[in-house]
Each structure stands twice: as structure tokens, then as C-alpha cells.
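A.B. asks: Just dropping this structure here.
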Amino acid sequence: MLVAQLVSIGMMVADTVIVGRHSTQHLAAVAVGSGLYATLALSLGGVLQALAPIVGQHYGAGERERIGSDMRQGLWLAGLLTLLGAALLINPRWLLAPARLEPDVENIAASYMRLLSLSLPAALGYRAFHATATALGQPRPLMLIALLETLGHIVLAWCLVGGHLHLPALGAVGAGLSQVIVSWASLGLCFWLLKNDPRFAPFQIFAHWETPRWQAQKELLRLGVPIGFSFLVEVSAFTLMAIFIARLGAETVSGHRIAANLSALVYMLPLSLGIATAAQMAQSVGARNEALARSYAFAGLKIACAFSVVLAAAMLWLRTPIAWLATEDPKVVEVAAALALYIVLYQFFDAIQTVACFALRAYKISFVPLLIHIGCFWGLGLGLGYWLAFLAPEPQGASGFWQAAVVSTITAAFLFGGLLWWVTKRRDHPAPAGSPSKGGKPPHPFGAPLQGGH
């Protein structure tokens, strides 16, 4: 899972390096345009993450016959979400307006985003496959697809951005076109695996036609919409940072882009551990083995925290050389290296909040985590960040947003860690049947089900 995530983030890193060496203006356009696209795609894809605990609990309970139907319903939902996303990307000017980009940069970013709308159906179809494969404990196909997709994108983007191998030099638009091509190729490989690979073929996902079922769609949306909004809050916090920081000039937003890429790269470790932890927990919950589910939760936390310390040390040492790999502009390098220091400060706490959040989703708890995300990443991260950056007695500029990111991540770590501890204690000692908690309310947060299944 970690290899798959690292390789996938390599597409974004490759865009930064390839486009950055082509033009600072094009890099600024990609910094804002890809951030907006990623926010939309990951938020809509987050809704499809509801498949992971549903499929995982069915698999753990031995209800294998239900998994094929789960996936078919997930693909229907992916199609409906595509219509919503494409409608927003076709005319992206209003999304770009808050960035106050220079006219030339805005035109490049708008063309780039329109082109990426063609990759959205494939991206969401892949997210449905991703959630199902992880829930079944099958990350190796994801690693293979990610490797092929990223290698293909690097070659295509290099050719199309800079005009190599007799192809036209399209700049940022070339990077977008490459992403469209490799996204659809990846989805085709996903479908081939679902039909022919012995790890997936027994579930007969394409055995027959199935129309959308309201009860199944309701279950996916009940769990998936809060997850999707959580993704929106987390990702948009960095996206809106880029939009606001764009007001400070192309060099500053380009430096922020490099630092944000670096943050995303190191985030892949706790993210991968969170996904793996949630998959094993969901299977254990489906098998009604609460002790094993709890053991997976806290093992994932311990591993993530230990490795986060190693990553923070490496970041402290290598941040400036890494920035030079992405650009030849010394001003951009200076900004990127300075902002990367904040990643070192919050890395440990980011590991805690990420794994704990995924562990809660394995229990089908998604609404309270959404409230925590809103309060921490929009309230503290963006609200406090904007004040520090522009309104404080001594405005901090781009650093203000990153200082607020440190505060918000530490707060989220304590809240998610505390909630996970509380939930596992409640599941170890459930209230007697028919015995309401104090005040007559359900003995769990906001009425969210704490027991596995439906």
C-alpha cells in the first residue's frame, strides 16, 4: 500500500519538476489548477471510500456473495458523482477567481482544468476499485497499476510539456493531457483485473447487470458523504492556502507548491498505514473479533508514530536539496525550504490523526470525524492562517498558513486519538441492551452505530 501511494504521489511531483523546469508561470498555473482538481476529485472519491468498511465487514463475516453487488453499486455512485464534478470543471473561472492570478496564468490554469474534467470518470472508477481491493486485503494490484500509471505519465508529460520526441510543446496543458490518457488506461486495467484475476473473479462483479438500489445507495451515502466532506476539508485547506498565497506572487506560490508536494509525499506513510489498519479492522469487526480490531488500531498508531520521527529527521536534513530538484529559481528554493520546516514540526501529530481517523471509519463512524476536520482544518488551519498571513499586527505571509497548520494538526491528533480510545473502550464494555445512556440518548457519539454491520 505504501509503495502504491508513494508512486501515485509521484505523478504530482513529476508535474512539479517537469512543468517547473518549463516555466514558472506554467508551474503557478498547475499549482492552483491541480490543487483545485485534486480537491474535487479526492472529495468525490472520498464518498466512494464508504465501500471499504462495507466490503471489509462483509468479507470478515463470510458474506462473499454480497461483495460483487457492493462494487456494482459503487460504480453506479461513481457515475453519478462524475456528473457533479464535471459540471464544476467545465467552467472553472469562478473557482480560480479567489486566487487573483495574472491573466496569462489564469488562462493556462483554466485550460488545464477543463482538460482534467475528461479524466474524472476514470479517476472515480479507480477509487471504487481501490476501496474494494484494500478492503479485501489486496494492495498489490494497486501497486502495479500505480507503477504503470506514473511511469507512463512521466514519459508522456515530459514529451507533451516540453515538446520532445517531435510532439508539440503544450506546457501545463500537456501535463493535463498526459493525466487524462493514463487515467483511462488505469481504469481499463482495473476492469480487466476484476473480471480475470483470481483474487477478484470469484466475486463475479461483472456477472450480471444490476440497476442502482436505493437501500445500497443510501448506505453508501450515509457513510460516504461525511468521509467525502472530510477529504474536502483536509485537501481544500491546502488548496485554499495555495489560492491565498498566490496573491503574494508566482515565486511564493511556486515555493509553497514544492513544500505542499513534499508534505503530501511524507503523508503517504501514515495514509497507507491508516488504509491498511482500517481494512484489517473492518474484517475483524465483521468477524465480531473486537479485541483483534482494537489491536490493529493501536498497532497502526505505534508504527505510524515511530516512522514519522524518522521522516521528520530526513526532512530537516534534505529539504533544501529536494527544493533544488524542482526548480532552478533560487527565490523559489528559499521559500520552499523555509516552509518545509513546518512539516517537520507537525509530522508526528499528522500520523496520529490520520491513522485514528481511518480506524474510526472501520467502525462506520464518519460524522464526528467530519466535525473534527471542519473545526481543526477550516477553523484553525484556514481561519487562524489567514489572520496570521494577512491581518496580524505583523503579517507572516505564507508562513502564517503553515504555522496555523501546525496548530490545527496537533489539535486534530488529540481529538481523534481521544475519540478512538473512547470508542474502543465502549466496544469492550457495551451498555446492556435497552439501557440508554444518561439523558436517554444512545451510548455513542451523535447516534452513530458503534457495532459492526448495518
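A.B. asks: Could you grab me the full set of residues in region 85-110 that are surrounded by fewer than 18 Cβ atoms within 10 Å (Cβ to Cβ) and within 17 Å of residue 19 (Cβ to Cβ)? Write out each step before concluding.
C.D. replies: Kept after step one, since they are surrounded by fewer than 18 Cβ atoms within 10 Å (Cβ to Cβ), are these residues of region 85-110: 86-88, 90-91, 93-94, 97-98, 100, 102-104, 107.
Selection gives 102, 104, 107.
A.B. asks: Please identify the pairs in which a residue from region 417-428 that is touching a residue at least 60 places away in the same chain (Cβ under 8 Å) and assigned to a helix (DSSP H, G or I) has its Cβ atom under 6 Å from the Cβ atom of a residue that is surrounded by 15 or more Cβ atoms within 10 Å (Cβ to Cβ) and β-branched (Val, Ile, Thr), counting only partners at least 6 apart or on another chain.
C.D. replies: Taking only residues 6 or more apart or on different chains, the pairs are 417/352.
A.B. asks: Look through 100, 127, 72 and report the one residue that is among the basic types (Lys, Arg), in contact (Cβ under 8 Å) with a residue 24 or more places away in the chain and touching a Leu at 6+ places or on another chain (Cβ under 9 Å).
C.D. replies: Numbers: 100 fails: touching a Leu at 6+ places or on another chain (Cβ under 9 Å); 72 fails: touching a Leu at 6+ places or on another chain (Cβ under 9 Å).
Within the list 100, 127, 72, the selection yields 127.
A.B. asks: Still on this model: Determine whether residue 170 is in a helix (DSSP H, G or I) and buried (at least 21 other Cβ atoms within 10 Å of the Cβ).
C.D. replies: Working: in a helix (DSSP H, G or I): no; buried (at least 21 other Cβ atoms within 10 Å of the Cβ): yes.
Answer is no for this residue.
A.B. asks: Please tell me if residue 249 is free of Cβ contacts under 8 Å to residues at least 12 places away in the same chain and not acidic (Asp, Glu).
C.D. replies: Values: free of Cβ contacts under 8 Å to residues at least 12 places away in the same chain: yes; not acidic (Asp, Glu): yes.
Here the answer is yes, as residue 249 does meet what is asked.
A.B. asks: Check whether at least one residue in region 47-63 is under 19 Å from the mean Cα position of the chain (by Cα) and of a type in the set (Gly, Ala, Ser), and report yes or no.
C.D. replies: yes
A.B. asks: Let me ask something else. Go through 181, 145, 205, 154 for me and flag whichever is modelled with pLDDT of 90 or more and closer than 24 Å to residue 54 by Cβ.
C.D. replies: Numbers: 181 fails: closer than 24 Å to residue 54 by Cβ; 205 fails: modelled with pLDDT of 90 or more; 154 fails: closer than 24 Å to residue 54 by Cβ.
Among 181, 145, 205, 154, only 145 is modelled with pLDDT of 90 or more and closer than 24 Å to residue 54 by Cβ.
A.B. asks: Would you call residue 247 assigned to a helix (DSSP H, G or I), surrounded by fewer than 19 Cβ atoms within 10 Å (Cβ to Cβ) and under 21 Å from the mean Cα position of the chain (by Cα)?
C.D. replies: Values: assigned to a helix (DSSP H, G or I): yes; surrounded by fewer than 19 Cβ atoms within 10 Å (Cβ to Cβ): yes; under 21 Å from the mean Cα position of the chain (by Cα): no.
When the stated conditions are applied, residue 247 does not pass them.
A.B. asks: Next up: Answer yes if at least one residue in region 302-324 is polar (S, T, N, Q) and in contact (Cβ under 8 Å) with a residue 60 or more places away in the chain, and no otherwise.
C.D. replies: Step one: list which residues in region 302-324 are polar (S, T, N, Q), which gives 308, 320.
When the remaining residues are screened for being in contact (Cβ under 8 Å) with a residue 60 or more places away in the chain, the result is none.
No; the residues of region 302-324 include none that is polar (S, T, N, Q) and in contact (Cβ under 8 Å) with a residue 60 or more places away in the chain.
A.B. asks: Here are some conditions: (1) over 29 Å from residue 278 (Cβ atoms); (2) surrounded by fewer than 22 Cβ atoms within 10 Å (Cβ to Cβ); (3) within 19 Å of the chain's Cα centre (by Cα). Residue 118 meets all but one. Which one does it not meet?
C.D. replies: (3) is the only condition that residue 118 fails.
A.B. asks: What number of residues within region 130-145 satisfy the criterion of being in a helix (DSSP H, G or I) and either within 17 Å of the chain's Cα centre (by Cα) or charged (D, E, K, R) (or both)? It would help to see each step written out before you state the result.
C.D. replies: First, pick out the residues of region 130-145 that are in a helix (DSSP H, G or I): 130-135, 140-145.
Narrowing the set further to residues that are either within 17 Å of the chain's Cα centre (by Cα) or charged (D, E, K, R) (or both) leaves 130-135, 140, 142-143.
Residues meeting the conditions: 9.
A.B. asks: Out of everything in region 208-237 that is of a type in the set (Asp, Glu) and part of a helix (DSSP H, G or I), what residue ends up being modelled with the lowest pLDDT? Write out each step before concluding.
C.D. replies: If we filter region 208-237 for residues that are of a type in the set (Asp, Glu), which is where we start, we get 210, 219, 234.
When the remaining residues are screened for being part of a helix (DSSP H, G or I), the result is 219, 234.
Working: 219: 91, 234: 83.
Step by step, filter region 208-237, then rank; the result is 234.
This table checks each residue for (1) out of contact with any His (no Cβ under 7 Å at 6 or more places or on another chain); (2) free of Cβ contacts under 8 Å to residues at least 60 places away in the same chain; (3) under 23 Å from residue 361 (Cβ atoms).
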{"position": "198", "(1), (2), (3)": "yes, yes, no"}
{"position": "203", "(1), (2), (3)": "yes, no, yes"}
{"position": "208", "(1), (2), (3)": "yes, yes, no"}
{"position": "213", "(1), (2), (3)": "yes, no, yes"}
{"position": "217", "(1), (2), (3)": "yes, no, yes"}
{"position": "223", "(1), (2), (3)": "yes, no, yes"}
{"position": "226", "(1), (2), (3)": "yes, no, yes"}
{"position": "229", "(1), (2), (3)": "yes, no, yes"}
{"position": "234", "(1), (2), (3)": "no, no, yes"}
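A.B. asks: Does at least one position in region 149-163 carry a residue that is farther than 30 Å from residue 385 by Cα, without any contact (Cβ under 8 Å) to a residue 24 or more places away in the chain, within 22 Å of the chain's Cα centre (by Cα) and in a helix (DSSP H, G or I)? Working first, answer last.
C.D. replies: Within region 149-163, the subset farther than 30 Å from residue 385 by Cα is 149-163.
Those left that are additionally without any contact (Cβ under 8 Å) to a residue 24 or more places away in the chain: 151, 155, 159-160, 163.
From the residues that got through so far, the ones that are within 22 Å of the chain's Cα centre (by Cα) too are 151.
Still in the list and also in a helix (DSSP H, G or I): 151.
There is at least one residue in region 149-163 that is farther than 30 Å from residue 385 by Cα, without any contact (Cβ under 8 Å) to a residue 24 or more places away in the chain, within 22 Å of the chain's Cα centre (by Cα) and in a helix (DSSP H, G or I).
A.B. asks: Report every pair of residues separated by at least 6 positions or lying on different chains whose Cβ atoms are under 6 Å apart, first residue within region 375-391 and in contact (Cβ under 8 Å) with a residue 40 or more places away in the chain, second among the β-branched types (Val, Ile, Thr) and in a helix (DSSP H, G or I).
C.D. replies: 377/233; 378/233
A.B. asks: Here's something else I'd like to know. For region 276-381, which helices (runs of 4 or more DSSP H) that fit wholly inside it have 3 or more residues that are modelled with pLDDT under 85 and surrounded by fewer than 21 Cβ atoms within 10 Å (Cβ to Cβ)? Spell out the reasoning first.
C.D. replies: Working: elements: 290-326, 330-362, 367-373.
Filter on region 276-381 gives 290-326, 330-362.
The values are calculated or read from the model by the stated rules, or taken from the named source; none is laboratory data. Because the structure is a prediction, the values reported are computed rather than measured. Heads up, the Cβs are rebuilt from the backbone with ideal geometry, glycines too, and the neighbour counts pull from every protein chain shown.
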